[in-house]
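The values are calculated or read from the model by the stated rules, or taken from the named source; none is laboratory data. A quick note: this is a predicted structure, and the numbers were derived from the prediction, not measured. So basically every Cβ, Gly included, is an ideal-geometry build from the backbone, and we count neighbours across all protein chains shown.
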């Protein structure tokens, strides 16, 4: 999986916000949930609990973190109510470009760029 610059910035903000507002334990749970979700997508980018988002562009899919919640094992328990989803472009089997990691209450159109998922210029 390739994580675009916007997605990297999203992850940094999510982790910082969680740590500041909910503490270290919550931050660690969020980190574990993100790792698990990325692992789930790398194993099957078209998994049944992902959604084809053709209205956003060719090959774009979304995956809500709640679908990885039970597999995200952490000593302090799971994230109780995951609120983020991953927007990614399915490129080929076992390869996806992560474009954004967004809160499920955001205005999606406002957060998308025309060059979705790979602002780094890699092809």
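Results, tabulated for the structure shown:
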quantity: Which numbered condition residue 13 fails, given (1) within 13 Å of the chain's Cα centre (by Cα); (2) surrounded by 18 or more Cβ atoms within 10 Å (Cβ to Cβ); (3) closer than 19 Å to residue 105 by Cα; calculated: (2)
quantity: Any chance residue 62 is assigned to a strand (DSSP E or B) and either in contact with a helix residue (DSSP H, G or I) (Cβ under 9 Å, 6 or more places away or on another chain) or touching a residue at least 24 places away in the same chain (Cβ under 8 Å) (or both); calculated: yes
quantity: Boolean, residue 61 is within 16 Å of residue 34 (Cβ to Cβ) and surrounded by 13 or more Cβ atoms within 10 Å (Cβ to Cβ); calculated: no
quantity: Condition check for residue 28: in contact (Cβ under 8 Å) with a residue 24 or more places away in the chain, within 16 Å of residue 100 (Cα to Cα), surrounded by 12 or more Cβ atoms within 10 Å (Cβ to Cβ) and more than 12 Å from the chain's Cα centre (by Cα); calculated: no
quantity: Selection count, the stretch 55-64, where residues are at pLDDT below 90 and touching a strand residue (DSSP E or B) at 6+ places or on another chain (Cβ under 9 Å); calculated: 4
quantity: Number of positions in the stretch 26-57 that are within 20 Å of residue 67 (Cα to Cα) and not in a helix (DSSP H, G or I); calculated: 10
quantity: Residue match in the stretch 65-82 (condition: at pLDDT 90 or above, part of a loop (DSSP other than H, G, I, E, B) and under 13 Å from residue 37 (Cα atoms)); calculated: yes
quantity: Tally, over the stretch 1-25, of residues that are in a helix (DSSP H, G or I), in contact (Cβ under 8 Å) with a residue 12 or more places away in the chain, in contact with a helix residue (DSSP H, G or I) (Cβ under 9 Å, 6 or more places away or on another chain) and more than 10 Å from residue 101 (Cα to Cα); calculated: 2
